[in-house]
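Have a look at the structure below, then the notes.
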Amino acid sequence: MTDQTYQPTLSQLRAFVAIAEYRHFGTAAARLNVSQPTLSQALAALENGLGLQLIERSTRRVLVTAAGMRLLPKAMATLEAADRFLASATGDGLGGTLRMGIIPTVAPYVLPGLLPELRKRLPALVPQVVEDQTARLLEGLRTGVLDVALLALPTENSGLVEIPLYAEEFVLVTPRGHELAGRKDIAPAVLGSLPLLLLDEGHCLRDQALDLCRSVDVHPGAVGDTRAASLATVVQCVAGGLGVTLIPEMAVTAETARGTLETARFADPAPGRTIGLAFRASSARTEDYEYLAAIIRAQRPM
């Protein structure tokens, strides 16, 4: 039975929401930047105070109970209200903690310019960056673990507001001396005759590259033979002669700086992607996030 005098803390609610999101205590603790025992204690205090089991934990899996599923949206709404209160107290809509998810093919190229700019223009803001694949970022938005996410659009997820920031072309990266190196008029169909190296499953850039191949009815020769978790690893494989790869325009300068790689560009209209900012449609901070989007757009790497 619930203790009528009990008042849950925000830390306890954040622990519950994070565990419900990640279904893993270690991952949830890391996302909240607390120890796993601290996380477990916060959940236990919440469950004891409510007189309800919210999370069912075994040695093999973590499940959200029926009571947990019923209370999860209310916990998320409470946390959002608390964040809005803190933001109002700072006198600036974008103040306090901002939990920002970013896909791996954007984070290394946007953050070096964006974070200093946020410190300068929004000194009361405390960004918490979560780099992860698209599906997990979308789940984080849905459950309230994240406030905003910087990713490829469209997400095709109802309940989200999406603000397009910029479009960027895909660039073919080749080893030095490759027959296509330096060309600016290649057609997507050429991918059918090349050993195309891709990121591992779950990365949206992999899906976008395969969608491009399917759109011109080609089947790259080496898809699935070599895969990596980062663009840095993929381009190193290209430099080592294992194949070619597609990278977004913003990554070209950083990933080809070693001088052992060359690029080729597609003829117009070149294939590419749109990067944007997504957040929950239920959020009351639309104006704040539009301002954030403007800052990010102005810091686009060239």
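The values are calculated or read from the model by the stated rules, or taken from the named source; none is laboratory data. Note that the structure is a prediction, hence the values are computed from the model and not measured. Cβ atoms come from the backbone with ideal geometry, glycine included; neighbour counts cover every protein chain shown. Calculation scope for accessible area: heavy atoms of the full protein, side chains included, ligands and nucleic acids excluded. Shrake-Rupley method; radii C 1.70, N 1.55, O 1.52, S 1.80 Å.
A few points about this structure:
- Between the amide H of residue 128 and those of 98, 99, 100, distances stay under 5 Å, these residues lying 5 or more places away or on another chain, with hydrogens modeled in the peptide plane.
- Among the listed values [x] 18.1, 55; [y] 22.1, 74; [z] 20.0, 66, the one matching Rg and Dmax of the Cα atoms in Å as calculated from this structure is [y].
- Distances between placed amide hydrogens fall under 5 Å for residue 23 paired with no residue 5 or more residues away or on another chain.
- Anisotropy class of the stretch 216-302 from Cα gyration tensor, a/c 1.5 cut: prolate
- Solvent-accessible area of the stretch 194-244 (1.4 angstrom probe, protein heavy atoms only): carbon and sulfur portion equals 48 percent.
- Fraction of accessible area attributable to carbon and sulfur, the stretch 13-63 (%, probe 1.4 Å): 47 percent
- Residues with amide H under 5 Å from that of residue 262, placed H, sequence gap 5 or more: 174, 176
- Per-residue ³J(HN,Hα) for the stretch 174-183, Karplus 6.51 cos²θ - 1.76 cosθ + 1.60, θ = phi - 60°, Hz, x for Gly and Pro: 10, x, 4, x, 5, 5, 8, 4, x, 6
- Positive contributions from Lys and Arg (+1) and negative ones from Asp and Glu (-1), summed over other residues with Cβ under 11 Å from the Cβ of residue 228, come out at +1.
- Cα centre as origin, Lys/Arg/Asp/Glu Cβ charges: the chain dipole, Debye: 580 debye
- Rounded to whole Hz, the Karplus (6.51, -1.76, 1.60) HN-Hα couplings of the stretch 36-48, x for glycine and proline: 5, x, 4, 4, 4, 5, 5, 5, 4, 5, 5, 5, 5
- Alpha carbon centroid spacing (whole Å) that separates the stretch 50-68 from the stretch 228-302: 39 Å
- Remark: the stretch 5-120 carries a charge dipole of roughly 240 debye about the Cα centre, counting +1 on each Lys and Arg Cβ and -1 on each Asp and Glu Cβ.
- Backbone geometry of the stretch 257-270 corresponds, through the Karplus equation with coefficients 6.51, -1.76 and 1.60 at θ = phi - 60°, to 3J(HN,Hα) couplings of 5, 6, x, 9, 10, 10, 10, 9, 10, 7, 5, 5, x, 6 Hz, x marking Gly and Pro.
- Note on the chain: helix-only mean residue ellipticity at 222 nm, from DSSP H runs of 4+ residues weighted -39500 (n - 2.57) and normalised by residue number, equals -12500 deg cm²/dmol.
- Think of the stretch 174-302 as a dipole: +1 on every Lys or Arg Cβ, -1 on every Asp or Glu Cβ, centred on the Cα centre; then among 187, 204, 261, 261 lies furthest on the positive end.
- Working ranking of peptides 265-272, 285-292 by packing, defined as the average number of other Cβ atoms within 10 Å per residue, highest first, is 285-292, 265-272.
- Contact order relative to length of the chain, as percent, for alpha carbon pairs under 8 angstrom and 6 or more apart: 20 percent
- Accessible area (Å², per residue) of the chain, counting only protein heavy atoms and a probe of 1.4 Å: 47 Å²
- Once Rg and the Kirkwood radius are both taken over the C-alpha atoms of the stretch 149-302, their ratio Rg/Rh works out to 1.01.
- In this simple spin-label approximation, residue 10 and residue 215 carry label points 7 Å from Cα along the Cα→Cβ vector, and these lie 4.3 nm apart.
- Rounded percent of accessible protein surface that carbon and sulfur make up, the stretch 126-165, 1.4 Å probe: 49 percent
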